[in-house]
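> Before I ask anything, let me first share the structure, which is written out below as structure tokens.
The values are calculated or read from the model by the stated rules, or taken from the named source; none is laboratory data. As the structure is a computational prediction, the values presented were derived from the model and not from experiment. Here the Cβ positions follow ideal geometry from the backbone for every residue, glycine too, while neighbour counts run over all protein chains shown. The area values use the complete protein model at the heavy-atom level, side chains included, leaving out ligands, DNA and RNA. Shrake-Rupley method; radii C 1.70, N 1.55, O 1.52, S 1.80 Å.
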Amino acid sequence: MFPYLSLILWLPALGALALLATPREQHQTARSIALAVSLLTFVISLALPLRFNAADPSMQFVEQVAWIPQWGISYHLGLDGLSLWLVVLTTFLIPIALFATWNSIHAQVRYFQILMLLLETAMIGVFIALDTILFYLFWEFTLIPMAFMIGIWGSGNRIYAARKFFLYTFAGSVLMLMGIIGLSFLHRDATGAELTSFSLTQIMGDIRTGAFALEFGMEQLLFGLFFIAFAIKVPMWPFHTWLPDAHVQAPTAGSVILAGVLLKLGTYGLIRFNLSLFPNASEWAAPAIGILAVIGIIYGAWIAFAQTDMKKLVAYSSVSHMGFIVLGIFALNEIGITGAVLQMVNHGLSTGALFLIVGYIYERRHTREMSEFGGLWTVMPIYGGLALVMVLSSVGLPGLNGFIGEFAIMQGAFISPALGWGYVAVSVIGVVLAAVYLLRMYRETFMGEVNKPENAELKDLSGGEIGMMVALLVPIVVIGLFPTLFFAPMQASISEVAQAFRSVVAEGQ
Amino acid sequence: MPPEIVIPAIDVRVIAPMLTIFAWATVLLMVDLFMPGKDRKLTGYLALAGLAVTALVTLAVQPAPGTSRTSFSNMVVLDSFGTTLTLILLLIAAFSIAISINYLSYHNIEMGEYYPLILFATGGMILLGQSTNLILVFLGVELLSITLYVLTAFFYPRYTSEEAGLKYLLLGAFAAGFLIYGIALIYGGAGTLDLFEIGAFLNTSLAVGSAFPPGALLVLIGGALVLIGFCFKISLVPFHMWTPDVYEGSPTPVAAFMSVGTKGAAFAALLRILIVALLPFKIYWLPVLGVLATLTMLFGNIAALMQPNMKRMLAYSSVGHAGYITIGIMTAGTHGTESFLFYLLAYALANMGAFAVLITLERRGEMAWSVDDFAGLWKRYPLLAIAMATFMLSLAGVPPTAGFFGKFFVFAAAWEDGQIFLVFMGVLSSAIAAFFYLRVIMRMFMDEPVREVIPIFNRGLTITIGIAVVGTIVFGLLPTPLVSLVQNSVIALGVGG
């Protein structure tokens, strides 16, 4: 079979290598090559949903080559309904982010593009790796390009932010490494195999068939090790403090990718590892994690409401929105998880768009304080209109993408025996608050009179900027109007996760 | 009739690597004496050639995996573990010489004896890795130490170098005292110095009766003293006090050589003693080493956090790494030995590379190795900055570098042995360690230069840095051949086994 996944995975990295050969001073060449490579990757990745068999819950496009056979570690890739849209989201957002650097990155342009392409390879790798060590490798490698992007091209307190970002995530991931090692040795001892296996599908399969059952205390420990790594990445309250720093200092393109894809690595990991590998511990921990998620929803919204800096506001809104996703995951049922996965894509699109919107105005005025603006609608009508749609998408207006995901999550949490109506009742406040802070931001910057002379002369969006917004708008509207198109391919895989979950938990009781 | 003297069968192949390197070093001393002129670079190149010849000899006598040869009344063993270790040590020595050749003349301390001394020290290390008799272990330790006393004080115009030499000498003598007293007690208890026989003695004496036989008790006390002696050499906390001062004072290539070579050899000898002779005492030494390893990892890495001086930072970081290696050797199973060798090579590549970068930035007549000198390096010397960043990431254990797989194998071996708490302390301290390695990277890539620094490049440095970078990344992406190599490197557990 044609190795689609390897091609999509390594194409950006090859592009990064090719960029090394371009002359250092020719910024335009570097930008064009990077954009072309990422667009090509996106086009190829479109083959994935087209050739994806929606009825098949197992891994598709599988590639497996021995890598360290002595340890049972292999180069093992595959895609299922859970990862399908996340891969496409990644390949879709990277060209947009690269295009956004056209006007905002002027120093060491070539290196920025190289890092962005390397980051793309690493992120895709996380979503399609089916070997735990391979997963870990890509997971860790996402840190380096992102930390450099924040640290070199960021603003103000960039070094502090880059360091905090790196160290928080690294501290979490080394715990995950311990979990990965433990899991494989326990699996080897339980199945009596001669070699350890780091294959996720193998271990998961043995858990589902009952060939590999973990002692509950050990399951709790491993669950905890993985959970901390992912919770930091999501980030869940109280591990979220790195996020506002990283977002505020990062360049716009970095923020788009950080919010759009990197945070999803955490929630993806929660489903792929915590839920699938440790069902009993997941059920045990779900109420507590639900509480953390709800705290995150309310806390993020509350703090976002208090912000005067637009980028900080959007950053804290991420904490709130990611809380919803975690709530959906730990509803532990099909509808909740489906909603969570869809909401991952939605959040990637709409928050990415919001960061771009803040970036546009920052490039023009070099400030993001809301009090510096007012009445922008009259000066920049196209900008105002597009911003309104994106804000509404993030708020969860019916007819746009955000509504479907949030609704499914709430429904899942409501019927979940682990959570229940109490969680939903409190998190609804978060939805209301989201409308309050986002619409307040919109009102203060776009409505009213133009009260600052500097703002009167601002240019409206350029063709390229409009193009990026429209590109983001298309999936936002399509998901809103035809959600089944997106639900259908993930259904089979997610219901298998949920069913396997129920059967393992039922067996244990 | 006079008593018949029985000469034991001698198999020269067993000591062929040592023989080669010692002979080469001795001849090189003579050659150097008659070499005209003040330029001593040729001696350095000849020493490199000697290392290459030794490596070829080692490959030629390498036993098949799983087999071994012993000779000289079973005092020396040639097993695949020993030969793999020898090859790693030769690589370390070659790096050390390559980065020394121009260093010595630049700092006006060029003397021909330097290179034979490195060869003698390397020979001592090889002996340590191959000896199965405590007297030979002691001989190896002393041979190594005495040459290093001279080498640490080699930067004689600097007072700190003399101070380093003296400090190392005093503490080395102290450690040797522990070692030899421990060996004496073991002999008193077991009646033999042979590692295999000590192991057999313990097995039989512990099997008989429930009481703890006095002979075994003596071996236990002696073993503890031997362990203390080794702890000085491998600088486990709290026996590490000398390390930062000695590394800072000695010539930088010597510090690099010590930080990986001495440690690797001492660890190898300790590993052999622990699993060949003292395995029946595992219940005693396991918790002790566990505590020491934990303290070492935590203290080494926390102390490195506070260091603005790069050389001291690398010294403390090497203390921290000794903790990880200790985890590898104490788990002592097959995966423990493998992980020790893999870790040693990964660590050697990254650490030699980092010291080589340090040398490019070292100014004549200056003693500051401030991390400030690295600030903004990226903008002026991007390749050097990328190389240093690779070494730092490898030392921190971030993929895709060899250092990551080193840590992975060590932790895996520890988990397999049931040491889950140690794995936890290991990952915790590597999170702490990431802090200061990352700081160097941040200074290089994200800060503006503090002062004008012009690195000095020469062939030896460039080649060393190049090989170290390529090795670190290639083994980080494709560790498979190396894993096969270390998996085939088995410690001989019995005579001729």
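> Specify the inter-centroid distance of segment B:418-497 and segment A:353-414, based on alpha-carbon positions, in whole Å.
First find each Cα centre; the distance between them is then 46 Å.
> Still on this structure, I have one more. Can you list the residues of segment A:133-166 that have at least 20 square angstrom less accessible area with all protein chains present than in their chain by itself, probe 1.4 Å?
Output list: A:I133, A:Y136, A:L137, A:E140, A:F141, A:I144, A:F148, A:I152, A:R158, A:I159, A:R163, A:F166.
> What three numbers, in Å, describe the spread of the alpha carbons of segment A:90-196 along their principal axes, ordered from the longest?
58, 29, 17
> Over 16 Å apart: what share of the alpha carbon pairs of segment A:1-100 falls there, rounded to a whole percent? Walk me through the intermediate numbers first.
On the way: 3086 of 4950 pairs.
That tail contains 62 percent of the Cα-Cα pairs.
> If you don't mind, there's one more thing I want to ask. Indicate the helices, whole DSSP H runs only, in chain A that combine a mean Kyte-Doolittle hydropathy of -0.5 or more with a Cα extent along their long axis of 30 angstrom or more. Before the final figure, lay out each step's value.
Numbers: long enough: A:81-104 (36 Å, 1.60); A:158-191 (49 Å, 0.82); A:279-306 (39 Å, 1.32); A:334-365 (46 Å, 0.66); A:421-446 (37 Å, 1.22); A:483-508 (36 Å, 0.58).
Helices meeting the criterion: A:81-104, A:158-191, A:279-306, A:334-365, A:421-446, A:483-508.
> Among the lysines, which fall within straight-line cross-link reach of A:K264, defined as a Cα-Cα distance under 17 Å, with same-chain neighbours fewer than 8 residues apart omitted?
Leaving aside lysines fewer than 8 places away in the same chain, those within reach of A:K264 are A:K233.
> Let's see if you can work this out: charge +1 on each Lys and Arg Cβ, -1 on each Asp and Glu Cβ, no other charges. What is the dipole magnitude of the protein assembly as shown about its Cα centre, in debye to the nearest 20?
On the way: 44 positive and 52 negative charges, 265 e Å.
Dipole of the protein assembly as shown, to the nearest 20 debye: 1280 debye.
> So, in Å, what gap is there between the alpha-carbon centers of segment A:129-192 and segment B:217-238?
37 Å
> For chain A, with only Lys/Arg (+1) and Asp/Glu (-1) charged at the beta-carbon, what is the dipole magnitude about the Cα centre, in debye rounded to 20?
880 debye
> Which angle between 0 and 90 degrees, to the nearest 10, do you get for helix B:80-106 versus the longest principal axis of chain B when only C-alpha atoms count?
Helix B:80-106 sits roughly 30 degrees off the main axis of chain B.
> Over chain A, with the other protein chains present, what is the accessible area per residue in square angstrom, probe 1.4 angstrom?
Values: 16150 Å² over 509 residues.
So chain A comes to 32 Å² accessible per residue, rounded to a whole number.
> Once the dipole of chain B is set up with Lys and Arg at +1 and Asp and Glu at -1 on Cβ about the Cα centre, which of B:A389, B:A431, B:T401 lies farthest towards its positive end?
It is B:A389, whose Cα lies furthest towards the positive end.
> Turning to a different aspect of this structure: Got a sec? Charge dipole of chain A, +1 on Cβ for Lys and Arg, -1 for Asp and Glu; which of A:L400, A:M149, A:G323 is way out at the positive end?
Highest projection toward the positive end goes to A:M149.
> Based only on Cα atoms, what Rg/Rh ratio does chain B have, Rh being taken as Kirkwood's radius?
Dividing the radius of gyration by the Kirkwood radius yields 0.97.
> Semi-axes, largest first, in whole Å: what does sqrt of 5 times each Cα gyration tensor eigenvalue give for segment B:1-114?
On the way: eigenvalues 234, 75, 18 Å².
Ellipsoid semi-axes (Å, largest first): 34, 19, 9.
> Does segment A:295-382 come out rounded, prolate or oblate, given a ≥ b ≥ c as the square roots of the eigenvalues of its C-alpha gyration tensor, rounded meaning a/c under 1.5 and, failing that, prolate meaning a/b above b/c?
Numbers: a/c = 3.50, a/b = 2.04, b/c = 1.71.
Prolate is the answer for segment A:295-382, as a/c is 1.5 or above and a/b outweighs b/c.
> Using the 2.2 N^0.38 Å rule of thumb for compact globular proteins, work out how segment A:4-508 stacks up: its C-alpha Rg over that value, please. Please list the in-between numbers first.
Details: Rg = 21.9 Å, N = 505, 2.2 N^0.38 = 23.4 Å.
Ratio of Rg to 2.2 N^0.38 Å for segment A:4-508: 0.93.
> Could you tell me how many cubic angstrom of Cα convex hull volume the protein assembly as shown has per residue? Walk me through the intermediate numbers first.
Numbers: hull volume 173.7 nm³, N = 1006.
Expressed per residue, the convex hull around the Cα atoms of the protein assembly as shown is 173 Å³.
> Heavy atoms only, probe 1.4 Å: what % of the accessible area of segment B:343-497 goes to carbon and sulfur, would you let me know?
Numbers: 3440 of 4910 Å².
Here it works out to 70 percent.
> Still on this structure, I have one more. Pull out the extension gain between B:D39 and B:A60, defined as 0.36 nm times the separation in residues minus the alpha carbon to alpha carbon distance; nm, one decimal. Don't skip to the end; give the middle numbers.
Numbers: separation 21, 0.36 × 21 = 7.56 nm, distance 3.41 nm.
Going from the current span to full extension adds 4.2 nm.
> Charges only on Cβ, +1 for Lys and Arg, -1 for Asp and Glu: so what's the dipole of segment B:13-489 about the Cα centre, in debye to the nearest 20?
Values: 22 positive and 22 negative charges, 78 e Å.
Rounded to the nearest 20 debye, it is 380 debye.
> Using only protein heavy atoms and a 1.4 angstrom probe, determine the accessible area buried between B and A, summed over both sides, in Å² to the nearest 100. Write down the numbers at each step before the final one.
Numbers: alone 18450 and 17920 Å², together 32810 Å².
For chain B against chain A, roughly 3600 Å² becomes buried.
> Considering all alpha-carbon pairs of segment B:428-497, what whole percent are spaced by more than 19 angstrom?
On the way: 1649 of 2415 pairs.
Pairs farther apart than 19 Å: 68 percent.
> At 1.4 Å probe size, with the rest of the protein present, what percent of the exposed accessible area of chain A is carbon and sulfur atoms? Can you show the working numbers first?
Numbers: 10820 of 16150 Å².
Carbon-and-sulfur percentage of accessible area, whole number: 67.
> Quick check: from the Cα gyration tensor, does segment B:67-144 come out rounded (a/c under 1.5), prolate or oblate? Walk me through the numbers on the way to the answer.
Values: a/c = 4.31, a/b = 2.16, b/c = 1.99.
Judged from the Cα gyration tensor, segment B:67-144 comes out prolate (a/c at least 1.5, a/b above b/c).
> For the charge dipole of the protein assembly as shown, defined by +1 on Lys and Arg C-beta atoms and -1 on Asp and Glu C-beta atoms about the Cα centroid, which residue among A:Q26, B:Y156, B:S370 has the Cα displaced farthest towards the positive pole?
The residue sitting most towards the positive pole is A:Q26.
> Eight or more residues apart or on different chains, and alpha-carbon atoms under 19 Å: count the Lys pairs in chain B matching that. Could you put the intermediate results ahead of the total?
Values: B:K167/B:K233; B:K167/B:K263; B:K167/B:K311; B:K233/B:K263; B:K233/B:K311; B:K263/B:K311; B:K263/B:K407.
For chain B, qualifying lysine pairs total 7.
> Work the Kirkwood hydrodynamic radius out for segment A:160-204: mean of 1/r over every pair of different alpha-carbon atoms, inverted, in Å.
Details: mean 1/r = 0.0827 Å⁻¹.
One decimal place: 12.1 Å for the Kirkwood radius.
> Just the Cα atoms of segment B:243-347, one point each, no solvent: what log10 I(q)/I(0) does Debye give at q = 0.11, 0.15, 0.18 Å⁻¹?
The Debye formula, applied to the Cα set alone, gives -0.35, -0.63, -0.87.
> May I ask you to give the percent of accessible area on segment B:1-144 that is carbon plus sulfur, with a probe radius of 1.4 Å?
Numbers: 4210 of 5730 Å².
Carbon and sulfur atoms account for 73 percent of the accessible area of segment B:1-144.
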